[in-house]
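Here's the structure, in structure tokens; my notes come after.
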Amino acid sequence: MRNLRVSFGDVDAVNDVTLQINYGQVATLLGPNGAGKTTAVETLLGFRSPSGGSVRVHGLDPVRDHREVVARTGALLQRGGVWFPMTPHQVLDLTATYYEAPREPTELLVLLDLERCAHTPWRRLSGGEQQRTLLALALLGRPKVLVLDEPTTSVDPEGRQVIRDIIRAERDRGCALLITTHELGEAERLADYLVILHRGHEVAQGTLADLAGEPELIIEATGSVDPAAFAALLGCEVRSDGPSRVRCAVASSPERIATVSTYLTSVGLSMVSLRTRASLEERYLDLIADERNGPRP
Amino acid sequence: MRAWWAQTRAEVRMNIRRGETLLLTIGIPVLLLIFFSLAHVTTSPTAHRINFIAPGILALCVLSTSLVALSIATGFERSFGVLRRLFVTPLGQRRLIGAKIGGVLVTEAIQVLVLSLVALALSWHPRGGTLGALEVLALILLGSAGCAGIGLLLAGQLRAEVNLAASNGLYLVLLLISGIVVPVSSLPSIVRRVVVGLPSGALAEGLHRVLGQGLHPTTADWVSLAVWAVLAPLLAARTFRFD
């Protein structure tokens with residue numbers, strides 16, 4: 001995607017988003033509901049033409065060269081469904097006929113732990129089983145690009161692990177993956193590259209390390225802590241992140257850790273945790289808050 | 001070809017297994033065939049009522065399968081995201097529509113067989129001979145294409161629930177004003193003038209002429225059916241939305 005813009009009337013659902021994903025890489029589009037993730041994905045798959053900028057998949061235009069693009073691309077869509085009376089086995093067998101050299105449906109049923117429900121009609125499958133069936137359908141054509149829109153939604157922990165393993169296996173096979181999610185834990189586990197969207201704008205993008213921001217000391221204590229005391233102690237900007245947690249804008253060092261530990265003991269507290277970088281969730285919330293507080297021109 | 005054939009078989013299987021579709025495509029036509037051939041609630045231009053009702057009911061089969069059942073099923077496929085998913089597979093719009101038409105034609109063949117057997121049991125004496133049979137086949141193919149085009153046009157544009165109501169409403173109106181069970185001569189003059197312009201009207205009239213009177217369909221019947229058979233699918237293909 002290069003400077004992608006998608007408008008519905010006067011509203012820009014996606015505005016000026018640029019992202020390149022290489023084969024063998026997992027990129028994640030992160031953002032709250034309504035951030036434009038699904039619109040970006042649908043544009044990538046040729047559901048609509050961009051209002052501005054450009055999109056290429058395998059170097060092809062997804063609208064003009066739709067057939068070639070989808071033959072080499074697997075997609076798991078939100079609100080993508082299957083005929084109600086069909087079972088996972090039947091729909092995989094049918095969909096396999098669409099591809100020239102499909103994977104074996106029974107192999108996918110095993111891989112996605114769908115053997116037990118292989119002959120259960122779609123309407124009687126659980127949410128997780130439906131989601132895994134859709135993922136199996138996306139994998140049928142041995143795709144070189146996989147687009148997964150909220151793949152772990154309504155999936156139980158075991159099912160999530162199955163999906164994560166498959167995502168890693170596909171990446172290792174050389175597939176390029178684009179995953180949208182608002183579940184930060186999933187993004188942190190899987191993504192090589194992340195793009196954070198908010199109201200259609202790109203807020204930040206980079207690797208996990210890039211997005212972690214500047215080194216800092218994030219201290220959680222057993223009780224209430226005073227940010228001003230930490231600021232005086234460490235000589236840096238400190239902000240509260242909950243009653244018992246502070247974030248100090250300073251890099252970690254053994255001396256600083258010892259100082260903090262001594263101070264906490266002196267006020268009758270002890271340290272619960274200490275981290276030297278913000279988690280993705282913290283960074284994400286910071287970025288979204290900055291975006292909300294300072295509207296773009 | 002493999003994908004089209006597999007999809008066509010799937011469409012037929014789903015048509016046959018869907019209870020509401022069976023009711024619409026077999027149950028209601030059989031019921032109407034028996035009722036209107038036995039009960040004297042409408043006038044009949046033929047000496048034996050069954051010779052008028054049976055060709056009309058064959059036209060109704062085309063209407064119920066090509067237009068109503070196809071439209072409702074496709075509308076719900078769009079609503080449940082089936083079409084969205086198919087859009088991102090290599091099946092493609094042409095093969096999907098081709099499979100739907102294939103499914104419709106197979107279902108109609110079953111309908112014609114069942115309805116003809118019931119009508120023959122009710123002492124129906126179809127006319128027309130071999131040429132008539134070929135004309136009937138051509139009429140049904142053209143009528144199916146036109147009605148399927150209208151059905152897909154509705155399914156591609158309207159929300160599933162609105163489409164359900166619209167298709168059923170259209171079915172009832174066309175059943176009453178197309179000369180299917182009520183002779184065109186009994187309809188108000190303003191309706192009589194537009195009947196042949198409707199695909200169901202031209203189809204019913206063509207079938208009545210061939211099977212009921214041993215005549216050829218009129219040029220107006222052929223022209224009307226041909227125009228609908230070309231324009232409606234084209235318009236449907238141009239405006240069809242997968243999501």
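Just so it is clear, none of the values below were taken in a lab; they were calculated from the coordinates. Here the structure is a predicted model, which is why all the values come from computation and not from measurement. Glycine also receives a Cβ, built like all others from the backbone with ideal geometry; neighbour counts cover every protein chain displayed.
Placing a label point 7 Å from the Cα of B:Ser186 along the Cα-to-Cβ direction, the residues of the range B:9-49 whose backbone N falls under 15 Å of that point are B:32-49.
Given R0 = 25 Å, the distance between the Cβ atoms of B:His216 and B:Leu38 translates into a calculated FRET efficiency of 0.25. By definition, a body whose alpha carbon gyration tensor gives a ≥ b ≥ c is rounded when a/c is under 1.5, and the range A:217-277 falls into this rounded group. When both the range A:90-118 and the range A:247-297 are represented by their alpha-carbon centers, they are found 48 Å apart.
Model label sites at A:Val110 and B:Leu235, defined 7 Å from Cα along the beta-carbon direction, differ in position by 5.3 nm. Estimated from helices alone, the mean residue ellipticity of chain B at 222 nm is -23500 deg cm²/dmol (sum of -39500 (n - 2.57) over DSSP H runs with n ≥ 4, per residue). Of interest is the spacing of the C-alpha centroids, which for the range A:1-58 and the range B:35-59 amounts to 60 Å.
Take each residue of peptide B:87-100, count the partner chain Cβ atoms within 10 Å of its Cβ, and average: the result is 5.
Between B:Leu134 and A:Arg189, the FRET efficiency estimated from the beta carbon spacing at R0 = 45 angstrom works out to 0.10.
So for the protein assembly as shown: antiparallel DSSP bridges make up what percent, rounded to the nearest 5? Taking every DSSP beta bridge with both residues in the protein assembly as shown, the antiparallel ones total about 55 percent. Shielding of peptide A:82-90 by partners, expressed as the average count of other chain Cβ atoms within 10 Å per residue Cβ, is 4.
According to a simple spin-label model (label point 7 Å from Cα along Cα-to-Cβ), what is the distance in nm between B:Leu141 and A:Val63? Going from the A:Val63 label point to the B:Leu141 one covers 3.7 nm. Between A:Asp210 and A:Glu158, full extension at 0.36 nm per residue minus the direct alpha carbon distance yields a gain of 15.7 nm. Between B:Arg94 and A:Thr265, the FRET efficiency from the beta-carbon distance, with R0 = 60 Å, is close to 0.20. Under the simplified labelling scheme, the B:Ala121-A:Ala232 pair shows an inter-label distance of 9.9 nm, with each label point 7 Å from Cα along Cα→Cβ. To the nearest ten degrees, helix B:28-38 and the longest principal axis of the Cα atoms of chain B are 10 degrees apart.
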